[in-house]
Amino acid sequence: MRHLFQSECVRIWLMLAPALAVILLLFGGGVVVGFQQSIGYVPVLGLTTPTLRHYGEILSDQSFRSSLLLTLYISVTGTLLATMLAVMAALVLRHRFRGSGLATMVFQLPLPAPHLVAAAGIIMLLTQSGLFARMLYQLGGLAAPGDFPALVYDRWQVGTLLVYLWKEVPFIGIAVLAVLKSVGNDYEEAARTLGANAWQRFRYILLPLILPGVVSTSAIVFAYMFGSFEVPLLLGQRHPTTLPVAAYRAYIDPDLGRRPESMAMGMVITAVVVLLLEFYRRLARKMTG
């Protein structure tokens, strides 16, 4: 029996080997090279003396701290809103009603669309020269298109959050919906017969069932939002900007001496995401243990 178990473990590892090799080579290799450059070891630029000076410089820079706080604001706010909206949508879509199939299909439409498509749509619709502003002006709702609220390039990153919500609510919602449909209504019916109200049925029956899926998908969404730069680059204000955008701008700066600074920012982003995933791993183990 022990021999069969060992053979099965070997077979599983061999099946996982190609995917793990790609992950280790691309992600692990990128982290090693990025860390090497973040400590100032870039021989091609003539930098051969490792130093932590660049970490000290960015951590003491007010612009870096502002970018970090803005990135956390977008990631935390976006993840919380997306999770709440996704759970509410899944609770509705799990029931069969007239048009439920069409509603579920529409709910899933954003999944294959790139984030840049949503960002372009926000620019065309919600800027002060966009479609909604011009429509309200033509209808007499605005004295001028410029009176439309600033929802793009604003300090609260409303446009950026709307793009993330449009994309991530279905991502979390589909995972929650799959769990709800697999469970069925038997547990809720039993609780209802015992006198549990709607909130009690959700709190004590549904929430523990969907929580592992909610936590895992929310962790992925937070990690993506924290490390994404294209949407804040297109829709966010110039300063302060998010940490990934700041790292990107330092990386493409004509002054190659800023390359270690860019990589140090990248290492901070990586560290935050890795810590988040470790927290999720422990939380998932606690919930399933």
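Key figures for this structure:
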| quantity | calculated |
| --- | --- |
| Any hit, the stretch 181-196, residues being touching a Gly at 6+ places or on another chain (Cβ under 9 Å), of a type in the set (D, E, K, R) and surrounded by 13 or more Cβ atoms within 10 Å (Cβ to Cβ) | no |
| Complete set of residues in the stretch 118-156 that are in a helix (DSSP H, G or I) and polar (S, T, N, Q) | Gln138 |
| The stretch 167-186, subset in contact with a helix residue (DSSP H, G or I) (Cβ under 6 Å, 6 or more places away or on another chain) and of a type in the set (Val, Ile, Thr), residue farthest from Ile205 (Cα to Cα) | Val169 |
| Residues that are in a helix (DSSP H, G or I) and free of Cβ contacts under 8 Å to residues at least 60 places away in the same chain, drawn from the stretch 72-117 | Leu80, Met84, Met88, Val92, Ser100, Gly101, Leu102, Ala103, Met105, Val106, Val117 |
| Scope the stretch 45-62; condition farther than 19 Å from Ala271 by Cα, touching a residue at least 40 places away in the same chain (Cβ under 8 Å) and in a helix (DSSP H, G or I); matching residues | Leu45 |
| Single residue of Gly141, Gly101, Gly121 found to be within 28 Å of Val245 (Cα to Cα) and either outside the structural domain of Gly236 (by TED's automatic domain parsing) or among the small types (Gly, Ala, Ser) (or both) | Gly121 |
| Every residue from the stretch 180-207 that is touching a residue at least 60 places away in the same chain (Cβ under 8 Å) and not basic (Lys, Arg) | Leu180, Phe202, Leu206 |
| Among (1) over 23 Å from Arg155 (Cβ atoms); (2) exposed (fewer than 14 other Cβ atoms within 10 Å of the Cβ) - the single one Leu69 does not satisfy | (1) |
| Any hit, the stretch 184-201, residues being modelled with pLDDT of 90 or more and of a type in the set (Asp, Glu) | no |
| From the options Ile252, Ile205, residue that is within 30 Å of Lys181 (Cβ to Cβ), of a type outside the set (Phe, Trp, Tyr) and in the same structural domain as Val176 (by TED's automatic domain parsing) | Ile205 |
| Test: residue in the stretch 24-32 that is closer than 19 Å to Ala247 by Cβ, β-branched (Val, Ile, Thr) and not assigned by TED's automatic domain parsing to the domain that holds Ile269 | yes |
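The values are calculated or read from the model by the stated rules, or taken from the named source; none is laboratory data. Being a predicted model, the structure only gives us computed values, none of them experimental. Heads up, the Cβs are rebuilt from the backbone with ideal geometry, glycines too, and the neighbour counts pull from every protein chain shown.
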